[in-house]
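Q: Here you go, one structure.
The values are calculated or read from the model by the stated rules, or taken from the named source; none is laboratory data. Since the structure is predicted, the reported quantities are computational estimates derived from the model, not experimental observations. Glycine gets a Cβ as well: all are built from the backbone with ideal geometry, and neighbour counts include every protein chain shown. These area figures cover heavy atoms from the full protein model, side chains too; ligands, DNA and RNA do not enter into them. Shrake-Rupley method; radii C 1.70, N 1.55, O 1.52, S 1.80 Å.
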2 protein chains.
Amino acid sequence: MPDVDPPGWELPLLLFAGFRTLIDQLHESLAAHGHPDVRPVHGFAMQAIGVHGASISEVGRRLGVSKQAAGKTVDRLAALGYVERVDDPRDARSKLVRLTPRGLDSLRLAAEIFEALRADWVVQLGAERVRSLESSLRTVIPAAGYPVDVPGWFG
Amino acid sequence: MPDVDPPGWELPLLLFAGFRTLIDQLHESLAAHGHPDVRPVHGFAMQAIGVHGASISEVGRRLGVSKQAAGKTVDRLAALGYVERVDDPRDARSKLVRLTPRGLDSLRLAAEIFEALRADWVVQLGAERVRSLESSLRTVIPAAGYPVDVPGWFG
DNA sequence: TAGGATCGACAACGTGGTTGTCCAAACCGT
DNA sequence: ACGGTTTGGACAACCACGTTGTCGATCCTA
């Protein structure tokens, strides 16, 4: 006499709602700590740039988008002061995209906040259920990394 | 001696990857069954329209987007042959958006596919772990429904 | 050194959002 | 029954993010 299983269409909704909950809480907290203008897509892009910097093309490859799209995102990040372009001394074609101190700060903060958010889940669910959730998801998702072309992918 | 917990930033990635996996598999299957042009956002919009139809404004409210945005999405859905606009006999201002037989077919198919996808997860994880994942997520996400303005939200 | 690959810029376009404006129709309080 | 307010939908302008295609400059390699 177990309850009937929920309909299949609820699973993607729950996963998305969980994702969105975390991202919304992240950006709420980021906004409260001096980063009100950064959007979810910017966080992924800065992650792709990394602390050592990267070329536009490399950023595009890491995000799974064209280098043109990566270039535009870098432009906006630069306008917000999170990123700067410097000439690559080893390749006159290439410009290195580097995080500014502000960009590094936002990345550091985001890591802290994600840690706190996971800790919240542990409080609500218990450490075991959170680990179980993570391990279940690791089982069902393909090994390959996921492109982060969310807006284009979805719409 | 439990393993160290994964970093907090992995949780949103896993949730998103799970969501994306399901949606990608859905649309792969949909494409193989005569619906190659429908995009994720269209499925959510058709869900919002529902089998009984709805006005543009109502669709916008259900999706959590402006009525203008809802109108544009309905336009594209209409161009693809999934919905039609008919005059609302009870309100001369309003036009009722209704699913065409093709639209209804895609909705019925999507429900079947989501059911099969969940069954796949049950095969991989066991019924109990899938139920546990669903119940964990229900615990941590806010009760309120989630807007489906994904592209605009993310970018 | 010549040919091919790669880097980044520019342009044009599609799609999904937003605001603001507008008019016609519906609703509601006097 | 009328007049003010709310609502439905269309139109326009704009922004963000993605796509292709093109191009000159630079690098690598046969």
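Q: I'm checking my understanding of the structure. Among residues of the stretch A:38-65 that are among the polar types (S, T, N, Q) and within 8 Å of DNA strand C (Cβ to nearest atom), which one is farthest from A:Asp91 (Cα to Cα)?
A: First, the residues of the stretch A:38-65 that are among the polar types (S, T, N, Q): A:47, A:55, A:57.
Still in the list and also within 8 Å of DNA strand C (Cβ to nearest atom): A:55, A:57.
On the way: A:Ser55: 10, A:Ser57: 13 Å.
Here the residue is A:Ser57.
Yes or no, residue by residue, for (1) within 9 Å of DNA strand C (Cβ to nearest atom); (2) more than 10 Å from every other protein chain (Cβ to nearest Cβ); (3) closer than 22 Å to B:Val38 by Cβ:
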site: B:Arg93; (1), (2), (3): yes, yes, no
site: B:Arg102; (1), (2), (3): no, yes, yes
site: B:Trp121; (1), (2), (3): no, no, no
site: B:Leu133; (1), (2), (3): no, no, no
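Q: Would you please name the residue that is surrounded by the most Cβ atoms within 10 Å (Cβ to Cβ), looking only at residues in the stretch B:104-155 that are touching a helix residue (DSSP H, G or I) at 6+ places or on another chain (Cβ under 8 Å) and basic (Lys, Arg)?
A: Checking each candidate, the answer is B:Arg118.
Q: Being touching a residue at least 24 places away in the same chain (Cβ under 8 Å), facing chain A (nearest Cβ under 9 Å) and not aliphatic (A, V, I, L, M) is the filter here, so list the residues in the stretch B:104-119 that pass it.
A: Hit for the stretch B:104-119 is B:Phe114, nothing else.
Q: Any chance you could count how many residues in the stretch B:67-86 are near DNA strand C (Cβ under 7 Å from one of its atoms) and out of contact with any helix residue (DSSP H, G or I) (no Cβ under 6 Å at 6 or more places or on another chain)?
A: Qualifying residue count for the region: 4.
Q: Please work out which residue is farthest from B:Val123 (Cα to Cα), limiting yourself to the stretch A:135-154 and to residues that are more than 7 Å from chain B (Cβ to nearest Cβ) and among the aliphatic types (A, V, I, L, M).
A: A:Val148
Q: Any residue in the stretch B:15-31 that is more than 9 Å from DNA strand C (Cβ to nearest atom), open to solvent by less than 90 Å² (accessible area, probe 1.4 Å), of a type in the set (Lys, Arg) and within 13 Å of chain A (Cβ to nearest Cβ)?
A: Checking the stretch B:15-31: at least one residue is more than 9 Å from DNA strand C (Cβ to nearest atom), open to solvent by less than 90 Å² (accessible area, probe 1.4 Å), of a type in the set (Lys, Arg) and within 13 Å of chain A (Cβ to nearest Cβ).
Q: Going by the conditions given, is B:Pro12 at the interface with another protein chain (Cβ under 9 Å from one of its Cβ atoms), touching a helix residue (DSSP H, G or I) at 6+ places or on another chain (Cβ under 7 Å) and not in a helix (DSSP H, G or I)?
A: In short, no.
Q: Looking at (1) within 16 Å of DNA strand D (Cβ to nearest atom); (2) farther than 30 Å from A:Asp24 by Cβ, can you tell me which one B:Ile49 breaks?
A: Here B:Ile49 meets the rest and fails (2).
Q: Next question. For the stretch A:61-155, which fully contained helices (runs of 4 or more DSSP H) count at least 1 residues that are more than 15 Å from the chain's Cα centre (by Cα) and away from DNA strand D (no atom under 15 Å from the Cβ)?
A: In the stretch A:61-155, the matching helices (runs of 4 or more DSSP H) lie at A:101-125, A:127-140.
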